[in-house]
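The values are calculated or read from the model by the stated rules, or taken from the named source; none is laboratory data. As the structure is a computational prediction, the values presented were derived from the model and not from experiment. All Cβ positions, glycine included, derive from the backbone under ideal geometry; neighbour counts span all protein chains shown.
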Amino acid sequence: MRSGEFAPGSRLPGGMLLAQEYGVGSNTVRRALDILRERKLVGTVRARGSCVVEELPGD
């Protein structure tokens, strides 16, 4: 996110797509998204998916 690959406000691909793209398991993606939510870098809305927050902490 800080590198700009996922712009602020952009929607993240689904968990399965992220797992395939990065060559990791879906549990790894799920845990990574949990950590990003804890750090307030992404927000998740049920049935809509995850989005990068508009303003990253520390910016």
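A few points about this structure:
- Within region 1-10, considering residues that are surrounded by fewer than 13 Cβ atoms within 10 Å (Cβ to Cβ) and not polar (S, T, N, Q), the one modelled with the lowest pLDDT: ARG2
- Residue check, ALA19 assigned to a loop (DSSP other than H, G, I, E, B) and of a type in the set (Gly, Ala, Ser): no
- Residue match in region 19-26 (condition: surrounded by 12 or more Cβ atoms within 10 Å (Cβ to Cβ) and within 11 Å of the chain's Cα centre (by Cα)): no
- Residues being touching a strand residue (DSSP E or B) at 6+ places or on another chain (Cβ under 8 Å) and either exposed (fewer than 12 other Cβ atoms within 10 Å of the Cβ) or under 14 Å from GLU55 (Cα atoms) (or both) - total across region 27-44: 5
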